[in-house]
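These notes concern the structure reproduced below.
Each value in this text was obtained by applying a stated rule to the coordinates, not by laboratory testing. Predicted, not measured: the structure shown is a model, and the values here were computed from it. Every residue, glycine among them, receives a Cβ derived from its backbone with ideal geometry; neighbour counts consider all protein chains shown.
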Amino acid sequence: MEDQPIPQRTQQSSSRPSPSPSSSSNSSSSHLNLPPSMSRAPHSLETLTPSRQIDRMININHHLSPSRAIYSDRFIPSRSGSNFAFFDISPVSNSHSDAREDTSSAYVTLLRTALFGPDAGVVPPATPEKRTSPMSLPNHNIFRYKTETRRSMHSLSPFGFDNAAPGINPSPVKTPRKVPRSPYKVLDAPALQDDFYLNLVDWSSHNVLAVGLGNCVYLWNACSSKVTKLCDLGIDDSVCSVGWAQRGTHLAVGTSNGKVQIWDASRCKRIRTMEGHRLRIGALAWSSSLLSSGSRDKSILQRDIRAQDDFVSKLSGHKSEVCGLKWSYDNRELASGGNDNRLFVWNQHSTQPVLKFYEHTAAVKAIAWSPHLHGLLASGGGTADRCIRFWNTTTNTHLSCMDTGSQVCNLAWSKNVNELVSTHGFSQNQIIVWRYPTMSKLATLTGHTFRVLYLAISPDGQTIVTGAGDETLRFWNVFPSPKSQNTENEIGASFLGRTTIR
């Protein structure tokens, strides 16, 4: 430093005698624009050129006396009371590299936890609340309006709960979905028969409910609650089964005389009548333009409504009345259940069953194909059996069995979630909503005083209607809406109360 030249000053050197107190006060006030009360006579202030001021500001070797107070025309806040630890910032300059390493380590830890789960041997990184710094002081002036809360590891994950990728930890277990325990609507259905082997209720894709009452068929529009009488078979005949075509405009009616009538519901006009069975027809199932009918004469007839013949093939195998029929969702397999306690599976072209299951010990009326898994079939047995069984028709295996404690009358899968509903007869007359595959009960619904023999599901998959020998139809909201559906359903839930269907 001895060799460096001393900067030239434009004013006189500081070695000159100090001015008088009055002149010092005036000089201080004039140069720093200070009020008179802040002037100090004993000290001298030197006049600096702009270059000298800059040199003094950036000169790290320049130290002012601790006893001298510095005044300025700019406000420079003091950092001594700032809570740097709150922002994960260290005021020490040589700790920047450590902070960067800690931040990188925290991100890698979070990413590894999100991808491989919390059990991957990863120690969770310390959150800002856990870090302390010896230089940080408590300060309540920073973000006074904000309440500091501790966030979980899931909230810091780059993956949200709603779009979790495979292999990533799911969100915390949700509380079980609540199913209303009471029906939102009850319809009186006079002359609804108390017969286990009949199928008298079906719900179309156009939201119209068909019900067989005695020798008549009635239509109930779920959107308008309008009731229409479709047909009257006369005093010598009665309705044993009803079934809507998949498009929802044509209705098949099975009669006690062994005939099938095809009706155009939009025009309330009968299109044709097909024969072939000798006894009553208690089960119907559609597959596009193909209609299958099961009868007390132990046979199943395959009918193509486009052909002139009453039936195109006859399926034989059951030893007693056929009371359950269901086509799979891909229309490739037909499941049939009979009073002989047997469950058969047929393909599109076979006249003999391709699969035979003999595990049930009572009549098999309840049959349902899963819309979620190809080849998954559920079946339920009568009073002496009381079990719901699951089958894999692809591998011809029996998957599981659940003893329900009462007669199984009907089964239906939800198309929105992996759940199913069963209706029961002796001895509890209840309705149960199950979660598959755990078969845990979501809800048990009661209200019918007779066996719950009839079941149909709404086209949106949310509502079921049940019928019983107590001559009532009850509507229940048991399944959630599809995720893509944001509008309210039009099932008629706003029409509360009890009315009659005819």
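Length available on full extension from SER182 to LEU279: 0.36 nm per residue minus the Cα-Cα distance, which gives 31.1 nm. Loop-located trypsin sites (Lys or Arg not before Pro) across the stretch 291-384 with a Cβ neighbour count of 15 or fewer within 10 Å are ARG306, LYS319, ARG332, with loop assigned by DSSP. Spacing of the modelled spin labels on LEU373 and TYR358, each 7 Å from Cα toward Cβ, amounts to 2.6 nm. Please work out the C-alpha center-to-center distance from the stretch 260-282 to the stretch 447-481 and express it in whole Å. First find each Cα centre; the distance between them is then 25 Å.
Shape of the stretch 187-488 from its Cα gyration tensor (a ≥ b ≥ c, root eigenvalues): rounded if a/c is under 1.5, otherwise prolate when a/b > b/c, or oblate? Present the calculation step by step, with values, prior to reporting the outcome.
Values: a/c = 1.36, a/b = 1.08, b/c = 1.25.
Note, shape of the stretch 187-488 comes out rounded.
For CYS231, nonlocal amide neighbours, meaning residues 5 or more places apart or on other chains whose placed amide H falls under 5 Å from its own, are VAL217. Under the shape rule built on the C-alpha gyration tensor, where the axes satisfy a ≥ b ≥ c, the stretch 351-426 is oblate, since a/c reaches at least 1.5 while a/b does not exceed b/c.
Computed 3J(HN,Hα) for the stretch 456-473, one whole-Hz value per residue from the Karplus formula 6.51 cos²θ - 1.76 cosθ + 1.60 where θ = phi - 60°, is 8, 10, 5, x, 8, x, 9, 10, 10, 10, 10, x, 8, x, 7, 6, 10, 10, glycine and proline marked x.
Greater than 28 Å separation of Cα atoms is the criterion. Which listed pairs, LYS269/LYS319; LYS229/LYS415; LYS269/LYS326; LYS178/LYS415; LYS185/LYS483, meet it? Don't skip to the answer; put the middle values down first.
Numbers: LYS269/LYS319 36 Å; LYS229/LYS415 30 Å; LYS269/LYS326 26 Å; LYS178/LYS415 18 Å; LYS185/LYS483 25 Å.
Over 28 Å Cα-Cα: LYS269/LYS319; LYS229/LYS415.
Compute the relative contact order of the stretch 187-488 as a whole-number percentage, counting only Cα pairs closer than 8 Å that sit 6 or more residues apart in sequence. Let's see the in-between values first.
Values: 873 pairs, mean separation 35.0, N = 302.
The value is 12 percent.
For the stretch 354-359, 3J(HN,Hα) computed residue by residue from phi via the Karplus equation (6.51, -1.76, 1.60; θ = phi - 60°) reads 8, 9, 10, 10, 10, 6 Hz, glycine and proline entered as x. Where in the stretch 325-342 is the amide nitrogen less than 19 Å from a point lying 7 Å along the Cα-to-Cβ axis of SER313? Within reach of a label on SER313, which here means backbone N under 19 Å from a point 7 Å along Cα→Cβ, the stretch 325-342 contributes 325-337.
Give, rounded to the nearest 20 debye, the magnitude of the charge dipole that the stretch 187-488 has about its Cα centre when Lys and Arg contribute +1 at Cβ and Asp and Glu contribute -1 at Cβ.
Details: 29 positive and 25 negative charges, 93 e Å.
Rounded to the nearest 20 debye, it is 440 debye.
Residues whose amide H lies under 5 Å from that of GLN246, counting only those 5 or more places away or on a different chain, are SER288; hydrogens are built 1.01 Å from N in the peptide plane. Taking amide H positions as modeled 1.01 Å from N, with prolines and chain starts lacking one, the residues under 5 Å from ALA443 and 5 or more places away or on another chain are VAL433. Phi angles across the stretch 192-206 convert, under the Karplus curve 6.51 cos²θ - 1.76 cosθ + 1.60 with θ = phi - 60°, into 3J(HN,Hα) values of 6, 6, 9, 10, 4, 8, 9, 10, 10, 9, 8, 10, 8, 5, 9 Hz, Gly and Pro given as x.
Looking at the stretch 224-360, I'd like the Rg to Rh ratio, where Rg is from alpha-carbon atoms and Rh is Kirkwood's inverse mean 1/r.
On the way: Rg = 14.8 Å, Rh = 15.3 Å.
That ratio equals 0.97.
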